[in-house]
Amino acid sequence: MIMSKSQTSKVRQSTSGLENQLVGGKFRLIKAIGSGSFGEIYKGVNIKDASEVAVKIEPTNAKYPQLIYEAKVYEQLGRGPGFPTLLHYCSESHFNAMVIELLGPSLEELFNMCKRKFTLKTVLMLADQLLMRLECVHQQGFIHRDIKPDNFLMGLGRHVNKLYLIDFGLAKRFQDPERHQHIPYRKDRNLTGTVRYASINAQLGVEQSRRDDMESLSYCILYFHLGKLPWQGITASNKKQKYERILEKKNSVPIEALCKSLPSEFALFMKYARNLRFKEDPDYVYLRQLFRILFRTLNYQFDYIYDWTILQQQQDQRERLQKEYQLEKQQLEHQQQKSRIRHTQVYRSERNLQQLEPDLLIK
Ligand SMILES: Nc1ncnc2c1ncn2[C@@H]1O[C@H](COP(=O)(O)OP(=O)(O)OP(=O)(O)O)[C@@H](O)[C@H]1O
Ligand SMILES: [Mg+2]
């Protein structure tokens, strides 16, 4: 059984503090780099070749284990571009571990770094890749069901400009691999995923399909440009009421009003996503084309220079300068210490000589 993320937050503690632990005989955990509702994510190192990895940990006694399921989804997704490679899966005495390719910061982290606003250029460069990732997942017969900025990560090294989709713990097959039969329509589901980005139908209890991933993506894109969605920050005396109010807001704000500060393509995308039928195959190419034409009309260059690229370069430069300064300081201190020692030695030898001299004189 797959459960909603909010139901699972109690399992965490036992997977923290695993630094230095060896996993699968060759991956050493270095430090925690993220935590989610199902466990902890560590940065690790392959002790055989010193390559860095990410390790997702789940306690063996988790009420609803799902890591092995996630590993299987990764396996079935294959080595498609924009999905971390699955390197290993194993069970240790107290926890299960999934070793995957180490990636960079999430779009949520980068969004914070950019003072919670992305320019249109960045949003459009992201939209193009976001649509490609969803198309690829759907082509493999899966829906993600937790599309949100925290689950999109940028790569590292030569993949620094590439967008990755992670976190397949809530993914589901919507089509069987042999006969390509679609799952049936139902309307008795609990919400799976994150309420802020959930589609209206998902909140109404309708079985999710490709259209819900698309609607969530349209909310993410809007969030990146607006900085905040109108249903963020809604409070209520309990979770049920809060969810009802969020749904009310999603239903009541007209799409045109939601997207009024943006070119019309954004409203078109959201309307398209909301109007998709349960079993309909979204036209990803049409949507990408829509944004690509807009990109060209605005005279932008598809140069992968995102809003954070310059900030990161400045930060890297600052860190480099800081390191150089520290090194110079250490060298100077070392030299000063050496010359102090020399002075002391000279002083001592002079004093020894003075003490010796009377003796010498007597002799
Ligand atoms: N391969 C990776 N490389 C670097 N960081 C990662 C990697 N995988 C996950 N993370 C970090 O750990 C966080 C949590 O990972 P993930 O989403 O897989 O866990 P989760 O328990 O399903 O989380 P949540 O419930 O918050 O969605 C990510 O948002 C990201 O910051
Ligand atoms: Mg996640």
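Structural remarks
One line per residue, one yes/no per condition, for (1) small (Gly, Ala, Ser); (2) at pLDDT 95 or above; (3) within 18 Å of VAL73 (Cβ to Cβ):
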| position | (1), (2), (3) |
| --- | --- |
| ILE143 | no, yes, yes |
| ASP146 | no, yes, yes |
| PRO149 | no, yes, no |
| LEU153 | no, yes, yes |
| VAL160 | no, yes, no |
| LEU165 | no, yes, yes |
| PRO177 | no, no, yes |
| GLN181 | no, yes, no |
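- Unmet criterion (only one of (1) out of contact with any Leu (no Cβ under 9 Å at 6 or more places or on another chain); (2) of a type outside the set (Ser, Thr, Tyr); (3) modelled with pLDDT of 90 or more) for LEU287: (1)
- For TYR219: the one exception among (1) aromatic (Phe, Trp, Tyr); (2) buried (at least 16 other Cβ atoms within 10 Å of the Cβ); (3) more than 29 Å from PHE111 (Cα to Cα): (3)
- Residue that is away from ligand 2 (no atom under 16 Å from the Cβ) and either more than 22 Å from ASP281 (Cα to Cα) or aliphatic (A, V, I, L, M) (or both), where the choices are ASN151, ASN190: ASN190
Each row is one residue, and each column tells you yes or no for (1) surrounded by 19 or more Cβ atoms within 10 Å (Cβ to Cβ); (2) out of contact with any Phe, Trp or Tyr (no Cβ under 8 Å at 6 or more places or on another chain); (3) within 30 Å of ALA97 (Cβ to Cβ); (4) outside the structural domain of LEU67 (by TED's automatic domain parsing).
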{"site": "ILE147", "(1), (2), (3), (4)": "yes, no, yes, yes"}
{"site": "ASP150", "(1), (2), (3), (4)": "no, yes, yes, yes"}
{"site": "LEU153", "(1), (2), (3), (4)": "yes, no, yes, yes"}
{"site": "PHE168", "(1), (2), (3), (4)": "yes, no, yes, yes"}
{"site": "ILE246", "(1), (2), (3), (4)": "yes, no, no, yes"}
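- Helices (runs of 4 or more DSSP H) (entirely within segment 141-256) containing at least 1 residues that are within 14 Å of ligand 1 (Cβ to nearest atom), closer than 23 Å to LEU276 by Cα and in contact with a helix residue (DSSP H, G or I) (Cβ under 7 Å, 6 or more places away or on another chain): 210-226
- In segment 114-131 there is at least one residue matching the filter, namely being in contact with a Phe, Trp or Tyr (Cβ under 6 Å, 6 or more places away or on another chain), away from ligand 2 (no atom under 16 Å from the Cβ) and outside any helix (DSSP H, G or I).
- Scanning segment 235-271 for residues that are among the polar types (S, T, N, Q) and in contact (Cβ under 8 Å) with a residue 40 or more places away in the chain yields one hit, ASN251.
- The set of residues from segment 282-315 being farther than 12 Å from ASP128 by Cβ and of a type in the set (Val, Ile, Thr) comprises THR297, ILE305, THR309, ILE310.
- Residue count, segment 87-113 (criterion: more than 16 Å from TRP308 (Cβ to Cβ) and outside any strand (DSSP E or B)): 4
- GLN330 being more than 28 Å from the chain's Cα centre (by Cα) and either at pLDDT 90 or above or assigned by TED's automatic domain parsing to the domain that holds MET113 (or both): yes
- The residue of segment 47-69 that is surrounded by the fewest Cβ atoms within 10 Å (Cβ to Cβ), among those that are in contact with a Leu (Cβ under 9 Å, 6 or more places away or on another chain) and touching a residue at least 40 places away in the same chain (Cβ under 8 Å), is GLU52.
- Among the residues of segment 258-312, just one is surrounded by 16 or more Cβ atoms within 10 Å (Cβ to Cβ), farther than 29 Å from ILE200 by Cα and acidic (Asp, Glu), namely ASP307.
- Residues that are of a type outside the set (Phe, Trp, Tyr) and either within 16 Å of ligand 2 (Cβ to nearest atom) or surrounded by 22 or more Cβ atoms within 10 Å (Cβ to Cβ) (or both) within segment 155-166 comprise LEU163, LEU165, ILE166, listed in sequence order.
The values are calculated or read from the model by the stated rules, or taken from the named source; none is laboratory data. What you are looking at is a predicted structure, and each value in this text was computed from that prediction instead of being measured. No Cβ is skipped: glycine too gets one built from the backbone with ideal geometry, and neighbour counts run over all protein chains shown.
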